[in-house]
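Reading through the structure tokens given below for one structure.
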Amino acid sequence: MAECARKGLSPLEEARSRYESLQISDDVFGESGDDSSENPFYSTTGDSNSDSCTETNPDNVWAGETRSSLSSGSLGSVSNGQAQDEGWSDALQDISVPQYQDTHGPTHKMPATATAMDFFQLFVPDNVIQNMVTQTNMYAKKFQERFGSDEGWTNVTLAEMKTFLGYVTSTSVNRCESVLSIWSSGFFSNRSIALKMSQARFEKILKYFHIVAFRSSQGGSQGLYKIQPFLDSLQQSFGSTFWPSQTQVLHEPLIDEDPVFITTCTERELRKRKKRKFSLWVRQCSSTGFICQISVHLKEGPGPDGLDTLKNKPQLHSLVAKQLCQNLSGRNAIIFTGPSITSLNLFQEFEKQGIYCCGLLSTRKSDCTGLPQSMLINTEASQQRGQSRIKMRGNMSIINWYNKGNFRFLTNAYSPTKEGVIIKRKSGEIPCPLAVEAFAAHLSYICKYDDKYSKYFIFHKPNKTWQQVFWLTISIAINNAYILYKMSDAYRAKRYSRAQFGERLVKDLLSLDDFSPTQ
């Protein structure tokens with residue numbers, strides 16, 4: 001920071017220089033847009049109607065609480081609050097996080113001739129697809145033994161399974177009402193790929209498609225047993241192909257329906273679409289958007305996959321966080337978390353493992369055990385924007401920062417003595433602790449990534465939960481494949497946008513060689 005000051009940088013330039021690596025995010029999908037040259041910091045205002053409407057409210061990101069004061073009954077008596085303040089001091093000391101122990105980036109050097117299929121098969125190789133072939137044929141055989149023969153069925157082959165995957169994947173770049181629209185004569189038809197397989201054959205494969213045909217004797221009652229081997233394989237490949245940067249984010253990515261569809265469909269169509277029965281959490285590299293690990297849980301049902309026993313309890317999110325960070329021990333990574341995960345006990349446990357944290361606090365959604373009550377109550381005295389109060393215990397700091405509302409942060413990753421700045425288009429520079437600035441910068445990138453990433457979801461919407469999880473994770477794998485492509489020599493040879501990369505992958509899966517991506 002001192003070096004930046006010596007060079008005479010403006011506060012905005014100085015702040016941006018601290019997060020220079022995040023600037024590669026602007027063109028992560030090979031697209032140019034209005035946000036490519038914009039300020040990387042989102043607005044942390046408590047008033048969603050204030051300032052520019054394009055700035056992001058952290059309530060929308062983390063559903064955090066901004067203005068509500070808690071009553072004495074919900075927080076305990078004054079004497080209890082004084083007891084909880086013990087050990088927390090207004091005396092601040094400088095801290096520093098040990099050096100990150102890993103290099104970051106792709107682990108494999110892909111040649112300049114590598115295709116979209118080569119990158120995709122880093123995560124979904126032929127042996128995984130061959131297993132889909134085997135399990136689908138096994139399920140079809142057993143199904144017909146029980147319910148009668150299907151004269152139109154023949155065992156699926158590896159080439160046919162790739163074509164099947166290609167057809168469904170095509171809905172991520174060519175939006176349509178149904179994957180079957182490919183063979184229609186209407187607006188959503190796609191005659192360039194429709195001739196590779198008949199609609200009747202596709203529907204037969206879709207009917208019998210399985211990852212795991214039958215429950216194993218040791219499988220218990222796990223609700224995700226039909227897809228768990230694929231998830232395990234995907235997790236292993238994510239970890240072996242890419243090393244993330246020091247800063248990473250734990251969150252639930254945007255996986256709801258396509259917003260364009262939601263705004264155009266009728267109310268009746270909306271009612272017919274069932275709500276998701278699962279939740280998906282990810283650990284995501286905040287410099288590239290690469291999703292390093294995923295955690296899937298069913299919202300209902302018994303067994304370890306069901307959330308009924310932990311519903312609406314902080315233990316669930318603590319369990320998810322530990323699962324997502326199990327491979328980070330001793331690496332000195334910095335993890336950003338939302339209010340449902342942020343807790344003193346979890347952060348202290350992570351610190352013992354060499355994992356440092358910075359999280360947004362909510363008095364409604366966070367586990368506030370052990371935190372000073374005086375920092376959790378909004379003061380009635382008028383405050384100026386940018387004003388902050390900080391208490392410290394050991395390496396842990398709790399921050400109460402005011403910006404048209406009180407925002408609270410808990411961190412052991414950033415020194416409480418160091419200052420940062422939030423830049424807003426209309427309000428100018430707003431001072432803040434460095435932890436607040438870092439949280440805003442990294443979460444701004446993840447929000448921008450998710451906004452673009454959601455455009456490339458596979459649009460096929462099956463009724464079965466395990467199939468919904470499968471196609472969602474395939475979408476994640478394709479986006480991760482594109483990130484690796486952007487960081488390889490292959491991108492310098494052929495600069496495909498994300499849409500063109502998706503089109504190229506579909507043609508590779510369908511083995512259609514005479515293809516040039518749409519400009």
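Within the shell of other residues whose beta carbon sits under 12 angstrom from the beta carbon of I390, the net charge comes to +3, with Lys and Arg scored +1 and Asp and Glu -1. Shown is the FRET efficiency for S96 and S198, computed with R0 = 45 Å from the Cβ-Cβ distance and rounded to the nearest 0.05: 0.10.
For S415, the residues whose amide H sits under 5 Å from its own are I95, ignoring neighbours fewer than 5 places away on the same chain, with H placed 1.01 Å from N. Principal axis extents of the C-alpha atoms in region 379-519 (largest first, rounded to whole Å): 68, 40, 33.
With every protein chain kept in place and ligands, DNA and RNA left out, what is the accessible area per residue of region 126-204? Probe 1.4 Å, answer in Å².
Working: 4140 Å² over 79 residues.
Value returned for region 126-204: 52 Å² of accessible area per residue.
Across all Cα atoms of region 144-206, the radius of gyration (one decimal) and Dmax (whole number) stand at 13.0, 40 Å. Backbone N atoms of region 439-480 closer than 19 Å to the 7 Å Cα→Cβ label point of R175 belong to residues 448-462, 472, 475-476, 479. Each principal axis of the Cα atoms in region 89-193 has its own extent, and those three values, largest first, are 77, 41, 38 angstrom. Given Cα pairs under 8 Å that are at least 6 residues apart, what percent is the relative contact order of region 347-415? So the answer I get is 37 percent.
Scanning residues 5 or more positions from Q246 or on other chains, none has an amide H under 5 Å from its amide H, with H placed 1.01 Å from N in the peptide plane.
For the residue pairs K226/K461; K299/K404; K455/K486, alpha carbon separations beyond 24 Å are given by K299/K404. Report in % the part of the accessible area of region 418-519 that belongs to carbon and sulfur, leaving out ligands and nucleic acids; probe 1.4 Å. Its accessible area is 47 percent carbon and sulfur atoms. Applying the Karplus relation 6.51 cos²θ - 1.76 cosθ + 1.60 with θ = phi - 60° to region 291-299 yields 3J(HN,Hα) values of 8, 7, 7, 10, 9, 10, 9, 6, 7 Hz, where x marks Gly and Pro. Sequence-ordered 3J(HN,Hα) estimates for region 461-470 from the Karplus curve with 6.51, -1.76 and 1.60 and θ = phi - 60° stand at 10, x, 7, 6, 4, 5, 6, 4, 5, 4 Hz, glycine and proline given as x. Residue by residue, region 443-454 carries 3J(HN,Hα) couplings of 5, 4, 5, 5, 5, 5, 4, 5, 4, 7, 4, 5 Hz when phi is fed to the Karplus relation 6.51 cos²θ - 1.76 cosθ + 1.60 (θ = phi - 60°); x denotes Gly or Pro. Close amide H contacts of G289 (hydrogens built in the peptide plane, cut-off under 5 Å, sequence separation of 5 or more or a different chain): none are found.
Given a cut-off of 25 Å, name the pairs among K141/K162; K464/K507; K277/K507; K162/K207 whose C-alpha atoms lie farther apart than that in the structure shown. The pairs that break the limit, which is 25 Å between Cα atoms, are K464/K507; K277/K507. The Cα trace of region 323-414 gives Rg and Dmax of 13.7, 45 Å, the first to one decimal, the second as a whole number. In whole percents, the pair-distance distribution calculated for region 125-174 from its alpha-carbon pairs, binned every 10 Å from zero, is 24, 43, 28, 5.
First compute the accessible area of region 111-252 with a 1.4 Å probe, then give the percent of it belonging to carbon and sulfur atoms.
52 percent
Taken per residue, the accessible surface of region 405-519 reaches 32 Å², heavy atoms only and a 1.4 Å probe.
The values are calculated or read from the model by the stated rules, or taken from the named source; none is laboratory data. Quick caveat, the model's predicted, so the values are computed rather than measured. Positions of Cβ are backbone-derived with ideal geometry, glycine not excepted, and every protein chain shown enters the neighbour counts. Accessible surface is based on the protein model in full, side chains and every heavy atom, while ligands, DNA and RNA are left aside. Shrake-Rupley method; radii C 1.70, N 1.55, O 1.52, S 1.80 Å.
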